[in-house]
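Q: Below: one structure in structure tokens.
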Amino acid sequence: MGTIQTPPGTKDILPEEIGYWQYVETVATQILSRAMYYEIRPPIFEQTSLFERGIGEATDVVGKEMYTFRDRGDRSLTLRPEGTAGVVRAYLQNNLYAAGGVKRLWYFGPMFRYERPQAGRQRQFHQIGLELIGTGDPRADVEVIALATDILKTLGLQSLKLDINSVGDRNDRQNYREALVNYFLPYKEELDPDSQDRLEKNPLRILDSKAKRTKEINENAPSILEYLGDASKKHFDQVQQLLTDLGIEYNINPCLVRGLDYYTHTAFEIISDDLGAQATVCGGGRYDGLVEELGGNPTPAVGWAIGMERLIILLKKLQPSPQTSPDIYVVSRGEAAEAQGLLLAQKLRAEGLTVELDMSGSAFGKQFKRADRSGAIACLVLGEEEAVNQTVQLKWLQSKEQQTMTQSELFNQVGELKEQLNRHTK
Ligand code: ATP
Ligand code: MG
């Protein structure tokens, strides 16, 4: 019988790459908490209706990508395909608006979409995302964009591009929608099947198509920017001005759309040239109608999500996986020595040192080889003699210098030992 494999489109995140994940989480946590964003952890499955309302039935995500199932109580539940709907539900359910003002929230975790697995596209993937709920001020759009670019820059990703657009308000979009349908109708037969389908349901999404002929047709489509009313124009101008003030470069891409009624004004994406077809690392925008759509009072909001897998593909090109190596590697042989080695390791860990204990019981020579490979700075050696005398040998792995001391001396001088270890890392 063969071993059981992961389902298609899912992956183990192995220890050899976990360093990247932890690095991204550390950087993001730091940057987001400095801006007073609080982490929120909604459940991974929700009632299916939340996503039907919160993302919209005319989208690919809801139409064909959801993991929906009935539980044993015959409820229709769905593994979350994205984070925003759950965060807004939590905001309403827990009265997070009660204190007034704006709410700044961020999240991290797995998302689930039934898509064709390929590089940068999985069925279980991870997003880090944030939502700024409670203000329609253009500064909010720019704050969230700036935070995304800060995170990506701090991680060392320099050559990313920011595309922005405005999808206007409900009125603007209604007028634009009509103009788009009129434009596309004569080309109906030439559009790809998905786009033909969208012509009635969600024509704005045709602009997003990756099909070759559709892309050509899109080139001469009317631009949403010509359909923006005064208020929308003003908002978009302010966003651009503030981005410029912050020194954030952007490109206006009128094809960048979010096709649902509750998306408004700013839409943006951060794109890399190094990711092939799956080029978007971060996608976001304003969704002033969503809170109301989910049963709350009209409340403007803006947010984004970064795809972790795509981000890590880019990080891998830049640097080797951050790995931890121990400060000290403990080598021991013989029953009494092995017991003392375990105790020493625990005590040193309690002092704040990183300690790896060799448990192989193999010959000293083999244990020393492993100590070298571990990247440790020093090695503690306990044999029969040391066990009897309650001593230990401290061996510096680079210089090969070694000294014998009693185990209590080792602990009395642990401060000094730490200093020595520090000197050796430099
Ligand atoms: P795409 O056009 O690539 O399908 P999307 O518009 O569906 O993206 P969003 O819903 O805006 O993506 O999600 C934000 C980000 O999450 C994307 O920019 C991407 O980095 C990541 N993402 C989305 N779907 C997947 C997936 N199936 N696998 C890996 N990452 C994904
Ligand atoms: Mg998608």
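The values are calculated or read from the model by the stated rules, or taken from the named source; none is laboratory data. Bear in mind the structure is a predicted one, so any value in this text is a computation, not a measurement. For neighbour counting, all protein chains shown are included, and Cβ atoms are generated from backbone atoms with ideal geometry for every residue, glycine included. Calculation scope for accessible area: heavy atoms of the full protein, side chains included, ligands and nucleic acids excluded. Shrake-Rupley method; radii C 1.70, N 1.55, O 1.52, S 1.80 Å.
Q: Go through the stretch 54-83 and give me each residue that's farther than 17 Å from Gly303 by Cβ and part of a helix (DSSP H, G or I).
A: Asp60, Val62, Gly63, Lys64, Glu65
Q: Same structure, new question: Quick one: which of Ile18, Ile31 is touching a helix residue (DSSP H, G or I) at 6+ places or on another chain (Cβ under 6 Å) and part of a helix (DSSP H, G or I)?
A: When all the criteria are applied, what remains is Ile31.
Q: Answer yes if at least one residue in the stretch 202-215 is more than 16 Å from ligand 2 (Cβ to nearest atom) and over 23 Å from Asp60 (Cα atoms), and no otherwise.
A: No, the stretch 202-215 has no match at all.
Q: Tell me whether the stretch 332-349 contains one or more residues that are outside any helix (DSSP H, G or I), under 39 Å from the mean Cα position of the chain (by Cα) and buried (at least 22 other Cβ atoms within 10 Å of the Cβ).
A: Scanning the stretch 332-349, I find no residue that is outside any helix (DSSP H, G or I), under 39 Å from the mean Cα position of the chain (by Cα) and buried (at least 22 other Cβ atoms within 10 Å of the Cβ), so the answer is no.
Q: Every residue in the stretch 1-53 that is farther than 29 Å from Leu147 by Cα, of a type in the set (Val, Ile, Thr) and buried (at least 16 other Cβ atoms within 10 Å of the Cβ), please.
A: Across the stretch 1-53, the qualifying residue is only Thr48.
Q: Here's something else I'd like to know. Is it true that Gln398 is outside any helix (DSSP H, G or I), of a type in the set (S, T, N, Q) and open to solvent by 60 Å² or more (accessible area, probe 1.4 Å)?
A: So Gln398 fits the description; yes.
Q: Sticking with this structure for a sec: For the stretch 178-185, does any single residue satisfy the condition of being open to solvent by 10 Å² or more (accessible area, probe 1.4 Å), out of contact with any Asp or Glu (no Cβ under 9 Å at 6 or more places or on another chain) and without any contact (Cβ under 8 Å) to a residue 12 or more places away in the chain?
A: Scanning the stretch 178-185, I find at least one residue that is open to solvent by 10 Å² or more (accessible area, probe 1.4 Å), out of contact with any Asp or Glu (no Cβ under 9 Å at 6 or more places or on another chain) and without any contact (Cβ under 8 Å) to a residue 12 or more places away in the chain, so the answer is yes.
Q: Please verify whether the stretch 370-381 includes one or more residues that are within 28 Å of Gln22 (Cα to Cα), of a type in the set (Ser, Thr, Tyr) and open to solvent by less than 20 Å² (accessible area, probe 1.4 Å).
A: Checking the stretch 370-381: not a single residue is within 28 Å of Gln22 (Cα to Cα), of a type in the set (Ser, Thr, Tyr) and open to solvent by less than 20 Å² (accessible area, probe 1.4 Å).
Q: Report, ordered by the first and then the second residue, all pairs with beta carbons closer than 8 Å, sequence separation of six or more or different chains, a first member in the stretch 100-122 that is in the same structural domain as Gln22 (by TED's automatic domain parsing) and surrounded by fewer than 20 Cβ atoms within 10 Å (Cβ to Cβ), and a second member that is charged (D, E, K, R) and in a loop (DSSP other than H, G, I, E, B).
A: Gly109/Arg41; Tyr114/Arg123; Glu115/Arg123; Pro117/Arg123; Arg121/Glu115
Q: To continue, here is another question. Give all pairs with beta carbons closer than 7 Å in which a residue from the stretch 48-63 that is touching a residue at least 60 places away in the same chain (Cβ under 8 Å) and of a type outside the set (S, T, N, Q) meets a residue that is open to solvent by 20 Å² or more (accessible area, probe 1.4 Å) and within 11 Å of ligand 2 (Cβ to nearest atom); count only pairs at least 6 apart in sequence or on separate chains.
A: Cβ pairs passing all conditions: Ile55/Val61; Ile55/Glu82.
Q: Show the residue pairs that are 6+ apart or on different chains and have beta-carbon atoms under 7 Å apart, the first residue being within the stretch 372-392 and at negative phi and in contact (Cβ under 8 Å) with a residue 12 or more places away in the chain, the second being surrounded by fewer than 21 Cβ atoms within 10 Å (Cβ to Cβ) and β-branched (Val, Ile, Thr).
A: Once the first residue is at negative phi and in contact (Cβ under 8 Å) with a residue 12 or more places away in the chain and sits in the stretch 372-392, its partners that are surrounded by fewer than 21 Cβ atoms within 10 Å (Cβ to Cβ) and β-branched (Val, Ile, Thr) give Ile377/Thr425; Thr391/Thr404; Thr391/Thr406.
Q: Can you tell me which residue among Leu199, Leu152, Leu162 is open to solvent by less than 40 Å² (accessible area, probe 1.4 Å) and out of contact with any strand residue (DSSP E or B) (no Cβ under 8 Å at 6 or more places or on another chain)?
A: Leu199
Q: If you check Asp71 against the conditions, is it within 16 Å of ligand 1 (Cβ to nearest atom) and either open to solvent by 40 Å² or more (accessible area, probe 1.4 Å) or assigned by TED's automatic domain parsing to the domain that holds Gly109 (or both)?
A: no
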